[in-house]
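Data first, discussion second: the structure below is written as structure tokens.
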Amino acid sequence: MTDSTFQSKAYHDVGGDDFGPIPLHDGDYQLWERRVDAMMRLLSSPSVGLMRVDELRRGIETLGEATYNAEPYYGKWARSLAAIMIEKGVLSCSELDAKIEELRAERGLEP
């Protein structure tokens with residue numbers, strides 16, 4: 001490989017970088033995190049077959065650097081799942097936006 005063909009690492013490729021100790025999860029997962037995990041398992045199950053785990057990874061890797069760095073672990077999963085379901089026509093952006101607004105209103109949250 002020559003210098004002209006070498007590609008630098010992408011923002012999500014941190015293997016070999018020294019960021020210190022890896023923080024381990026301590027305690028229970030929040031309800032929303034468990035739900036995102038359950039959605040991924042359901043959508044990728046053989047009986048449903050709407051997506052594959054490699055699609056989840058592709059979705060996460062294409063979030064963009066700012067979003068990737070700002071989102072927690074399951075936040076990345078949730079964004080990837082939503083994007084893939086929209087990409088496959090399972091739901092639309094307007095349906096997702098409407099549901100988000102409905103949930104915000106129920107909880108008295110700002111848009």
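Observations
- Pair list, Cβ under 6 Å, 6 or more apart: the range 35-64 residue more than 13 Å from Leu81 (Cβ to Cβ) and touching a residue at least 24 places away in the same chain (Cβ under 8 Å), other residue surrounded by 12 or more Cβ atoms within 10 Å (Cβ to Cβ) and not aromatic (Phe, Trp, Tyr): Glu61/His12
- Looking across the range 31-65, the residues that are assigned to a loop (DSSP other than H, G, I, E, B) and either closer than 21 Å to Gly89 by Cβ or modelled with pLDDT of 95 or more (or both) come down to Ser44, Ser45, Pro46, Ser47, Val48, Gly49, Leu50, Met51, Arg52, Thr62, Leu63.
- Test: residue in the range 66-76 that is in a helix (DSSP H, G or I) and among the basic types (Lys, Arg): yes
- Any hit, the range 71-78, residues being modelled with pLDDT under 95 and exposed (fewer than 14 other Cβ atoms within 10 Å of the Cβ): yes
- Filtered by the rule that a residue be part of a helix (DSSP H, G or I) and either of a type in the set (Gly, Ala, Ser) or in contact (Cβ under 8 Å) with a residue 40 or more places away in the chain (or both), the range 85-111 gives Met85, Ser94, Ala98, Ala105.
The values are calculated or read from the model by the stated rules, or taken from the named source; none is laboratory data. The model shown is predicted, which means the values in this text are computed figures rather than measured ones. FYI the Cβ positions are ideal-geometry reconstructions off the backbone, even for glycines, and counts take in every protein chain you see.
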